[in-house]
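The values are calculated or read from the model by the stated rules, or taken from the named source; none is laboratory data. Quick caveat: nothing in here was measured; it's all calculated off a predicted structure. Because the Cβ atoms are built from the backbone with ideal geometry, glycine has one as well, and the counts that use them run over all protein chains shown. With ligands, DNA and RNA removed, areas are computed over all heavy atoms of the protein, side chains included. Shrake-Rupley method; radii C 1.70, N 1.55, O 1.52, S 1.80 Å.
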Amino acid sequence: MLFHLLDERSIDLWKRQIDLVIEKNGLISLIVHPDYEMRDELKPLYKDLLKYLRELQRTRRIWVTLPSEVDRWWRARGKMQLVHTGNA
């Protein structure tokens with residue numbers, strides 16, 4: 001949407017938004033439609049965004065995954081129980 005509605009031609013706004021969400025321990029969900037983002041003039045921007053996410057994954061240890069993996073984690077978390085061992 002940034003590329004098309006706002007005519008944004010950098011990932012600076014995405015970076016700012018991602019950083020704000022990370023600071024609040026939030027969830028970022030990116031939905032990208034290849035018909036729009038794979039046009040030649042937009043490919044470098046999309047690649048820059050992916051590089052930025054990989055850098056965040058490495059340096060800030062964020063979880064970058066697919067929606068199916070989030071679903072698996074959430075369902076497993078729902079079945080977890082706290083177990084007291086001694087004073088812990």
**Q.** Carbon and sulfur %, accessible surface of the chain computed with the full protein complex present, 1.4 Å
**A.** 55 percent
Q | In sequence order, calculated HN-Hα J values of the range 76-88 (Karplus, 6.51, -1.76, 1.60; Hz; x Gly/Pro) | A | 5, 4, x, 9, 6, 10, 6, 10, 7, 10, x, 8, 10
Q: Evaluate the charge dipole of the chain about its Cα centre and quote only its size in Debye, nearest 20, assuming +1 on the Cβ of each Lys and Arg and -1 on the Cβ of each Asp and Glu.
A: 580 debye
Q: Using just the helices of the chain, give the 222 nm mean residue ellipticity in deg cm²/dmol: DSSP H runs with n ≥ 4 each add -39,500 (n - 2.57), and the total is spread over all residues, rounded to 500.
A: -16000 deg cm²/dmol
Q | Residues of the chain: accessible area per residue with a 1.4 Å probe, Å² | A | 88 Å²
Q) P(r) tail for the range 6-88, what percent of Cα pairs lie past 20 Å? A) 50 percent
Q: Run the 1.4 Å probe and let me know the accessible area of Ser68, rounded to the nearest 10 Å².
A: 60 Å²
